[in-house]
Amino acid sequence: MESEEPKYGIEKEKLWRNTLEQDIYEFGDIKPSIKEKTSDQLKKDKEEGKLELSEANVFKSFPVSTMRWVTNKLYYFPKDKGFYTLLSSEKGDDGKTVSCKLVQQKGKDEKVLTDLDEISLLRDYVNVNIRIYSETGSGQMAVVPIKLQNKLSTELGEHVEAITGMTFSLFKFFYGSTTIDGDKYLSSYPDIFDEMEIIGAAGFSKPYKFMRFKNTYNWPYWGYHRTTNDAMAFIPNKNVVVYGFSVYGACEPEFTINFKVYVDDVQVEEDEMTLTDYEDKYFCRIKLKKFHLVKGGSKLEIMATFARSSGSDSYLDFYYGEYGTDYREVENDHMNLWTVETSSKGSSSRIDAGNFPEILYYV
């Protein structure tokens, strides 16, 4: 038996409401009695203080961006990508700000803005690219506005919780090689800029180091000419964040190292430095400029050249590690986390002996 057409107390076409900006909605057994307005109309009414209640604007809001001008507060000016402290501001007869006097954050140069369009560009936040990682996640990027002079625990916490559903306390945040302190402001960190990147790592705790040698060989015969590349490869079995590595010290007070860091054959960092005042007799621990995620099963490779600081190409002796094939037996905090492989990017170090004794990481 075929169902009968529903019967209504009003004409059928009046059950359907054609919105001006969206698809057709069925309101059931009612007849809309208030004409819907467009977004522009509603926004204009709101600005003029004539916003009327209707079933349409119940579902719409038009947040008006208002800036509270606070003296001695820091603002970002996108036009010249500069950061300025507000010295004073003036309002016109209509209550709108018509003048702002500013001074550079790091300097004495002053700037006065009287163009309303330029004044409207000033903002107390920068857009930050937050890259989120977890022990199982591959990483996702979110672009969020972070106020320059609010606590980062508040600014980051609100956005990260909205993105991930996880609280601020479950993350460590890194800017370059710096760990973010939730009690500080973004403006307290050096070299901030619009669209900067911060890494949020969930579940990563205290820093660890992986040691691959049981012993250091005390009688040096390991060494390098300036033209010699050396390298080793390290593969974790779960996601880690690498922040540094170690090399053995030279048998002289100082030496120069030029190194490159690769993750899955993609160069992620390069640097050159002179190392002296070694951490102990054997080890020189190098902190990277940035933190790098190495996913489980990915290959981390460190390639370096070593030379005398004088620039001489003469041979330079180094200490080195031996019995490297026993690296799985070396007592570490995370046993069997790392696998060591010989790298095609270098010609000296091997699994059984050589340089690159430690990897510094979070997990």
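Could you say whether any residue in segment 318-327 is modelled with pLDDT of 90 or more, β-branched (V, I, T), under 35 Å from the mean Cα position of the chain (by Cα) and over 21 Å from E252 (Cα atoms)?
So far as segment 318-327 goes, no, none of its residues is modelled with pLDDT of 90 or more, β-branched (V, I, T), under 35 Å from the mean Cα position of the chain (by Cα) and over 21 Å from E252 (Cα atoms).
Given the residues L86, L148, which is the only one that is modelled with pLDDT of 90 or more and in the same structural domain as E195 (by TED's automatic domain parsing)?
From the options L86, L148, the qualifying one is L148.
Name every residue in segment 329-363 that is under 30 Å from the mean Cα position of the chain (by Cα), of a type in the set (A, V, I, L, M, F, W, C) and in a loop (DSSP other than H, G, I, E, B), in order of residue number.
Listed by number, the residues that qualify are M335, L337, F356, V363.
Quickly run through segment 74-116 and pick out the residues that are more than 21 Å from F193 (Cα to Cα) and either of a type in the set (S, T, Y) or in contact (Cβ under 8 Å) with a residue 40 or more places away in the chain (or both).
S88, S89, T97, S99, T114
Applying the selection to segment 331-359, what residues are surrounded by fewer than 18 Cβ atoms within 10 Å (Cβ to Cβ) and of a type in the set (A, V, I, L, M, F, W, C)?
Hits for segment 331-359 are M335, I351, A353.
Only residues that are touching a residue at least 40 places away in the same chain (Cβ under 8 Å), out of contact with any Asp or Glu (no Cβ under 6 Å at 6 or more places or on another chain) and assigned to a loop (DSSP other than H, G, I, E, B): list them for segment 226-274, please.
Scanning segment 226-274 gives T227, T228, N237, K238, G249, E252.
Could you count how many residues in segment 102-133 are modelled with pLDDT of 85 or more and crowded, with 17+ Cβ neighbours inside 10 Å?
10
Any residue at all in segment 296-307 that's in contact with a strand residue (DSSP E or B) (Cβ under 7 Å, 6 or more places away or on another chain), more than 30 Å from E197 (Cα to Cα) and of a type in the set (G, A, S)?
Checking segment 296-307: at least one residue is in contact with a strand residue (DSSP E or B) (Cβ under 7 Å, 6 or more places away or on another chain), more than 30 Å from E197 (Cα to Cα) and of a type in the set (G, A, S).
For segment 316-328, check the following and say yes or no: at least one residue is under 26 Å from N237 (Cα atoms) and assigned to a loop (DSSP other than H, G, I, E, B).
yes
Does segment 79-119 hold any residues that are of a type in the set (D, E, K, R), over 25 Å from P190 (Cβ atoms) and touching a strand residue (DSSP E or B) at 6+ places or on another chain (Cβ under 9 Å), and which are they?
E90, K91, K101, E118 - these are the residues of segment 79-119 that are of a type in the set (D, E, K, R), over 25 Å from P190 (Cβ atoms) and touching a strand residue (DSSP E or B) at 6+ places or on another chain (Cβ under 9 Å).
Looking at T216, is it assigned to a strand (DSSP E or B), modelled with pLDDT of 90 or more and surrounded by fewer than 21 Cβ atoms within 10 Å (Cβ to Cβ)? It would help to see each step written out before you state the result.
On the way: assigned to a strand (DSSP E or B): yes; modelled with pLDDT of 90 or more: no; surrounded by fewer than 21 Cβ atoms within 10 Å (Cβ to Cβ): yes.
Judged against the criteria, T216 is not a match.
Looking at this structure, is T136 over 17 Å from the mean Cα position of the chain (by Cα), outside the structural domain of D333 (by TED's automatic domain parsing) and modelled with pLDDT under 85?
On the way: over 17 Å from the mean Cα position of the chain (by Cα): yes; outside the structural domain of D333 (by TED's automatic domain parsing): yes; modelled with pLDDT under 85: yes.
Yes, satisfied.
Can we say L293 is in contact (Cβ under 8 Å) with a residue 40 or more places away in the chain, in the same structural domain as W338 (by TED's automatic domain parsing) and farther than 21 Å from R226 by Cα?
Against the criterion (in contact (Cβ under 8 Å) with a residue 40 or more places away in the chain, in the same structural domain as W338 (by TED's automatic domain parsing) and farther than 21 Å from R226 by Cα), L293 qualifies.
Looking at segment 74-96 only, could you name the residues that are touching a Ser or Thr at 6+ places or on another chain (Cβ under 7 Å), surrounded by 12 or more Cβ atoms within 10 Å (Cβ to Cβ) and not small (G, A, S)?
Correct list: L74, L86, L87.
With the condition kept exactly as written, say whether any residue in segment 291-303 is closer than 30 Å to D264 by Cα, among the polar types (S, T, N, Q), modelled with pLDDT of 90 or more and in a strand (DSSP E or B).
Checked against the condition, which is being closer than 30 Å to D264 by Cα, among the polar types (S, T, N, Q), modelled with pLDDT of 90 or more and in a strand (DSSP E or B), segment 291-303 yields no hits at all.
Among the listed residues D194, D264, identify the single one that is over 17 Å from L300 (Cα atoms), at pLDDT 90 or above and of a type in the set (D, E).
So the residue among D194, D264 that is over 17 Å from L300 (Cα atoms), at pLDDT 90 or above and of a type in the set (D, E) is D194.
The values are calculated or read from the model by the stated rules, or taken from the named source; none is laboratory data. Since this is a predicted model, take the numbers as computed values, not measurements. Every residue, glycine among them, receives a Cβ derived from its backbone with ideal geometry; neighbour counts consider all protein chains shown.
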